1. Collect the residues in the stretch 130-151 that are touching a strand residue (DSSP E or B) at 6+ places or on another chain (Cβ under 8 Å), outside any strand (DSSP E or B) and surrounded by 15 or more Cβ atoms within 10 Å (Cβ to Cβ), keeping them in residue-number order.
2. Condition test on residue 161, is it of a type in the set (Val, Ile, Thr), under 19 Å from residue 50 (Cα atoms), touching a Lys or Arg at 6+ places or on another chain (Cβ under 8 Å) and surrounded by 18 or more Cβ atoms within 10 Å (Cβ to Cβ)?
3. Need at least 1 residues that are within 17 Å of the chain's Cα centre (by Cα) per element, so show me which strands (runs of 3 or more DSSP E) inside the stretch 8-88 make the cut, counting only ones lying wholly within it.
4. Scanning for something touching a Gly at 6+ places or on another chain (Cβ under 9 Å), at positive phi and assigned by TED's automatic domain parsing to the domain that holds residue 45, does the stretch 90-108 turn up at least one residue?
5. Tell me, yes or no, whether the stretch 95-102 has at least one residue that is in contact with a strand residue (DSSP E or B) (Cβ under 7 Å, 6 or more places away or on another chain), free of Cβ contacts under 8 Å to residues at least 40 places away in the same chain and surrounded by fewer than 17 Cβ atoms within 10 Å (Cβ to Cβ).
6. Just to check your reading of the model, which residue among 154, 113, 119 is free of Cβ contacts under 8 Å to residues at least 40 places away in the same chain and crowded, with 20+ Cβ neighbours inside 10 Å?
Amino acid sequence: MYSLSLSVGCSLLGNRLTGSIPKELGNITTLKSLVLEFNKLSGSLPKELGHLIHIERLHLTSNNFTGEIPETFAGLTNLTEFRISDNQFSGKIPDFIQNFSNLQDLRIQGSGLNGPIPLGIASLRKLSDLRISDVRGPEADFPRLRNMTNMKTLILRSCNITGRLPEYLGLGAMDNLKTLDLSFNKITGAIPSNYIGTLERVQFM
């Protein structure tokens, strides 16, 4: 137990683990990295994980998790990577993700969560990798991402986005952008003429 109390990283990636996440993991408050991707874990996420106030990397992709994202996660403000794709969550993408001001990598693809994409995502200025797809729910305008100047990968596929493309994508606001996927939305109008430079830089669209 002593060694666990001093742990800073736990990776059990691809071990075919079953069952639920033990709530006792929330007692390892020194934990900075928890990687449980590509297993067969199920059940709701324990609210006790919200006690991991030093956590920087939380990877839960490709499991069978259900239920809503616990409100206690709102306090995980040191997160730099949050990946919850390929699960069976319910409820909306939580508004409290705007608290994750240090976030650089956010992946919510085929998670089961409903939209719309929270307006507060605009405050996540350090994001360089944003992937959200297969979001059910009401239609919404293109999210405000103007200040995300570090963006390299932007995937907003099948998110019920409507309206026109924002001009800032073609005004040099995202000079580092390499991957852009906005497919299967309800975007209207012509591609703005100032997108020419952006399209030349992007390696995948």
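The values are calculated or read from the model by the stated rules, or taken from the named source; none is laboratory data. Keep in mind the model is a prediction, meaning the values are calculated, not measured. We place every Cβ from the backbone using ideal geometry, glycine too, and count neighbours over all the protein chains shown.
1. 134, 135, 142, 143, 145, 148, 151
2. Spelling it out, it is not the case that residue 161 is of a type in the set (Val, Ile, Thr), under 19 Å from residue 50 (Cα atoms), touching a Lys or Arg at 6+ places or on another chain (Cβ under 8 Å) and surrounded by 18 or more Cβ atoms within 10 Å (Cβ to Cβ).
3. Where strands (runs of 3 or more DSSP E) fall fully within the stretch 8-88 and carry at least 1 residues being within 17 Å of the chain's Cα centre (by Cα), they are 33-35, 57-59, 64-67, 81-83.
4. The answer is yes, given that some residue of the stretch 90-108 is touching a Gly at 6+ places or on another chain (Cβ under 9 Å), at positive phi and assigned by TED's automatic domain parsing to the domain that holds residue 45.
5. no
6. Just one listed residue meets the conditions, 154.
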